[in-house]
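K.L.:
Dropping the structure in here first, questions after.
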Amino acid sequence: MKINKIKEMSSPDLEKELVELKNELFKLRFSLATNGLDNPMKIKDVKKDIARIKTVLRERELVEKKGD
């Protein structure tokens with residue numbers, strides 16, 4: 001997921017997406033441990049997407065806090 005697309009999304013949508021990505025990461029790790037994965041790089045991509053979303057959410061939180 002590109003950072004531009006993430007920044008366009010609303011905070012509730014980002015939180016929903018974050019939960020979905022965490023579930024996907026769990027499933028990928030479970031699959032890797034049990035029967036192997038076709039593309040292990042998928043784990044890396046999902047982790048980066050999670051980090052990007054958390055970064056954008058934190059930036060928004062700081063902007064809101066600064067505005068108060």
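The values are calculated or read from the model by the stated rules, or taken from the named source; none is laboratory data. Keep in mind that this is a model prediction, so the values were computed, not measured. Note: ideal-geometry Cβ built from the backbone for every residue, glycine included; neighbour counts use all protein chains shown.
K.L.:
Select, from Ser31, Ser11, the only residue that is in contact (Cβ under 8 Å) with a residue 24 or more places away in the chain and of a type in the set (Gly, Ala, Ser).
P.N.:
The conditions single out Ser11.
K.L.:
Could you run through the stretch 1-30 and say how many residues are loosely packed, with under 15 Cβ neighbours inside 10 Å and part of a helix (DSSP H, G or I)?
P.N.:
Going through the stretch 1-30 one residue at a time, the tally reaches 18.
K.L.:
Would you pick out the residues in the stretch 56-68 that are closer than 22 Å to Lys2 by Cα and surrounded by fewer than 13 Cβ atoms within 10 Å (Cβ to Cβ)?
P.N.:
Scanning the stretch 56-68 gives Arg58, Glu59, Glu61, Leu62, Val63.
K.L.:
So Lys44 fits all but one of (1) surrounded by fewer than 12 Cβ atoms within 10 Å (Cβ to Cβ); (2) modelled with pLDDT under 95; (3) of a type in the set (D, E, K, R); what number is the exception?
P.N.:
(2) is the only condition that Lys44 fails.
Conditions tested, residue by residue: (1) over 14 Å from the mean Cα position of the chain (by Cα); (2) not hydroxyl-bearing (Ser, Thr, Tyr).
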{"position": "Lys5", "(1), (2)": "no, yes"}
{"position": "Ser11", "(1), (2)": "no, no"}
{"position": "Glu15", "(1), (2)": "no, yes"}
{"position": "Leu18", "(1), (2)": "no, yes"}
{"position": "Leu21", "(1), (2)": "no, yes"}
{"position": "Phe26", "(1), (2)": "no, yes"}
{"position": "Leu32", "(1), (2)": "yes, yes"}
{"position": "Leu37", "(1), (2)": "yes, yes"}
